[in-house]
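Trainee: Here you go, one structure.
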Amino acid sequence: MSERKLRAFEGAVSASKVVVRPRSHVSSGRGEGAVARSFKGANGCTEHFFMIDAPQGCGFAEQIKALQERYTAALKDRGLTPETAIFRRIFLSDILNQADAVWESPFVEEIAENPVATSIIQQLPLSGSKIALFAYHIESPDPFEKEFIGPRHMLLRKNGMRHLWSAGPWVDGKPPMPAPAAETRAVFDELMQVLEAQGANLADHCVRTWLFIKDVDIFYQDMVDSRRELFDANGLTQKTHYIASTGIEGTSADRFDTVCMDALSLLDLQDKQIFYLNDFDRLCLTKDYGVTFERGTRVAFADRMHYYISGTASIDNRGNVLHLGDVLKQTERAVENVDALLKSGGASMDDMMYMIAYLRDPADYQCVSGYLRDNFPDLPCIVVQGRVCRPEWLVELEGIAAAPNSDPTLPSF
């Protein structure tokens, strides 16, 4: 995004706040180019997860328009208003040529009046479209409040809890050359400053990060080393815990960025709400091969549990890559690993709300998308091009699951 557009965006969101009042009607279904899955807890709050694709074979302007129409139709079908939107990620095929058009589109123009954490990343949708959308909405019987507390940070206040969604263009103060270690530090430093201003901190309150690294085959290790040093200095060590995360290839709208990040932090999180997922018969700790993230994190509320599944590949319990050169078997193993992580926390693949599949080689799309479609036909899923941190890994999966809970001693979602 150009510097002019960034300044205009920052000014527009600096005072944005909206209060979302309850609605009583919830509907479900499937629309053209849109797949959704919803979870309704005992407190009456429904979470909606959408994957929406643009039609193929037309220009980018036409695809943006068609995507917005499909999104609008999907919301209408479920009785949702735009104010229920919490987070969106927009996947692009050529971000340097497309970002300005996206920032001028209804996806972003509306957020000056309706705060929505919005992430825009170059990860080619492999369906053949130039643009695709993941969207997360909340429909609640009780009002909740959304407010930007900075150009990249949207604060959701709901039932006495604060949810901080961080996303957007991380271009402030970046050096005009690839500097992945410094940029990793910069994106975490900004997040930590925002957390500190809200009386929170990285170790106790950040539950999920998504790190996008340009030329991941070259720069991933710089990010890993910088993150480890930062974590060590901020109470995230082998003796404590880490943060569920995906570190994957992705490009931001600034050509000089090598690292950008989305994040979710729960500012009033209690220790008893957290459980870290693993199945040691199938997966080792990430520290065993030199990286610092949790395989997955379960966050429990009074009526539901959320499962944040980190980027998961075809790996065994010694950290070895399995099924070298066979993308289908790697996909099967990755799914088995995700299922094992979920089962370690009392859930399963049936509880997944959405899934993102990252492929190293676009030529593998038909094989992987066919497998996912056959095995998870009703799951919102997108397959994008994104190289994984090891060249031998041909595919990586991530997502969020939700399952019922009944514990009135926990905070209500």
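Trainee: Label-point separation (nm) for E110 and D316, each offset 7 Å from Cα along Cα-to-Cβ?
Mentor: It works out to 5.0 nm between the two label points.
Trainee: Per residue of the chain, what 222 nm ellipticity follows from adding -39500 (n - 2.57) for every DSSP H run with n ≥ 4, rounded to the nearest 500?
Mentor: After summing the helix terms and dividing by the residues of the chain, the value is -8500 deg cm²/dmol.
Trainee: Using 7 Å Cα-to-Cβ label points, what is the D326/E196 separation (nm, one decimal)?
Mentor: Label at D326, label at E196, 5.1 nm between them.
Trainee: Efficiency by 1/(1 + (r/R0)^6): what FRET value for R255 and Q366, r their Cβ-Cβ distance, R0 = 51 Å, to the nearest 0.05?
Mentor: E(calc), rounded to 0.05, equals 0.95.
Trainee: Pick out which of T81, T251, T184 has the largest mean-square fluctuation in a Gaussian network model of the chain, springs linking Cα atoms closer than 10 Å.
Mentor: T81
Trainee: Now, a different point. On average over all directions, what projected area in square nanometres does the chain have, based on the convex hull of its Cα atoms?
Mentor: Orientation-averaged projected area of the Cα hull: 17.7 nm².
Trainee: Continuing with the same structure: Charges at C-beta only: +1 for Lys and Arg, -1 for Asp and Glu. How large is the resulting dipole of region 297-413 about its Cα centre, in Debye rounded to 20?
Mentor: 280
Trainee: In nanometres, what is the gap between the two model label sites at Y289 and D374, each 7 Å from Cα along Cα-to-Cβ?
Mentor: That separation, rounded to one decimal, is 2.7 nm.
Trainee: Sticking with this one: Expressed as a rounded percentage, what relative contact order does region 297-413 have, with Cα pairs under 8 Å and six or more residues apart?
Mentor: Value for region 297-413: 43 percent.
Trainee: Among 298-310, 333-345, 135-147, how do they line up from the highest to the lowest mean number of other beta-carbon atoms within 10 Å?
Mentor: Result, highest mean Cβ count within 10 Å first: 298-310, 333-345, 135-147.
Trainee: Just subtract the alpha-carbon distance of E62 and K76 from 0.36 nm times their residue separation and send over the number in nm, one decimal.
Mentor: 2.9 nm
Trainee: What percent antiparallel are the DSSP beta bridges of region 308-413, to the nearest 5?
Mentor: Around 70 percent of the beta bridges assigned by DSSP in region 308-413 are antiparallel ones.
Trainee: Something else now. Got the relative contact order for the chain handy, in percent, Cα pairs under 8 Å and 6 or more residues apart?
Mentor: Averaging sequence separation for qualifying contacts and normalising by length gives 17 percent for the chain.
Trainee: Considering the chain as a Gaussian network with a 10 Å cut-off on Cα pairs, which listed residue, I382, I248, I149, attains the greatest mean-square fluctuation?
Mentor: Most flexible of the set in this elastic network: I149.
Trainee: Follow-up question, since we're still on this one. Give the distance, in whole Å, between the Cα centre of region 87-118 and the Cα centre of region 272-348.
Mentor: Here the two parts' Cα centres lie 31 Å apart.
Trainee: Under the rule of at least 5 residues apart or a separate chain, name every residue whose amide H is placed under 5 Å from the amide H of I243.
Mentor: Distant-sequence amide H within range of I243: E294.
Trainee: Mind checking the full-extension length gain between E392 and D100? Use 0.36 nm per residue of separation minus the Cα-Cα distance, one decimal, nm.
Mentor: Working it through step by step, the gained length comes to 101.6 nm.
Trainee: Hey, another quick one. Output the antiparallel fraction of DSSP beta bridges having both residues in region 178-333, as a percent to the nearest 5.
Mentor: Beta bridges within region 178-333, antiparallel portion: roughly 70 percent.
Trainee: Now for a different question. Rounded to the nearest 5, what % of the DSSP beta bridges within the chain are antiparallel ones?
Mentor: Here the antiparallel bridges make up roughly 80 percent for the chain.
Trainee: What order, most packed first, do the peptides 366-379, 276-289 have when packing is the mean number of other Cβ atoms within 10 Å of each residue?
Mentor: Sorting 366-379, 276-289 by mean packing, highest first, produces 276-289, 366-379.
Trainee: Which entries in the list K76/K158; K214/K343; K40/K329; K40/K130 go over 28 Å, if you measure between the two C-alpha atoms of each?
Mentor: K214/K343; K40/K329; K40/K130
Trainee: Shifting gears a bit: What order do you get for 122-130, 61-69 when each peptide is scored by the mean count of other beta carbon atoms within 10 Å, highest first?
Mentor: 122-130, 61-69
Trainee: Top mean-square fluctuation among C389, C58, C381, Gaussian network model of the chain, C-alpha springs under 10 Å?
Mentor: Taking springs between Cα atoms under 10 Å, the residue moving most is C58.
Just so you know, all these numbers are worked out from the coordinates, no wet-lab data involved. The shown structure was predicted, so the numbers you read here are calculated from the model rather than taken from an experiment. No Cβ is skipped: glycine too gets one built from the backbone with ideal geometry, and neighbour counts run over all protein chains shown.
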